[in-house]
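The structure appears right after this line, and notes come after that.
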Amino acid sequence: MSYSTTDSVALSRVRCKFAVFSGLSLVAAAVGLPAWSVAALVLTSLAIPVAVGLAGGGGLLRQLLRPGANPGGGTRSPDRGTRRTRPST
């Protein structure tokens with residue numbers, strides 16, 4: 001059984017954290033917080049895409065930065081799975 005670290009955290013959660021840290025970096029710089037706190041927020045904002053790129057490669061990084069990007073390049077097909085039900089006894 002292979003374990004992928006990219007499956008452990010939803011990409012939407014990472015995208016939300018990336019947006020929050022980026023926004024906090026801008027607010028901290030605009031308000032005039034000390035340089036060390038602005039630098040910590042900026043470095044954290046930069047570390048998130050680096051970590052995603054190292055964990056999942058370029059495709060996952062593109063999905064993080066461009067939410068509408070389709071890594072497969074083709075059109076999406078609808079789910080054709082069948083719903084399984086428990087047989088009645």
State which residue is modelled with the lowest pLDDT when the search covers only the stretch 7-19 and only residues that are of a type outside the set (Lys, Arg) and loosely packed, with under 14 Cβ neighbours inside 10 Å.
Asp7
Please give the number of the condition Ala51 fails out of (1) surrounded by 12 or more Cβ atoms within 10 Å (Cβ to Cβ); (2) modelled with pLDDT under 85; (3) aliphatic (A, V, I, L, M).
(2)
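The values are calculated or read from the model by the stated rules, or taken from the named source; none is laboratory data. Computed from a prediction, not measured in an experiment: that's the story for all the values here. Counting neighbours? That spans all protein chains shown, and the Cβs are built from the backbone with ideal geometry, glycine included.
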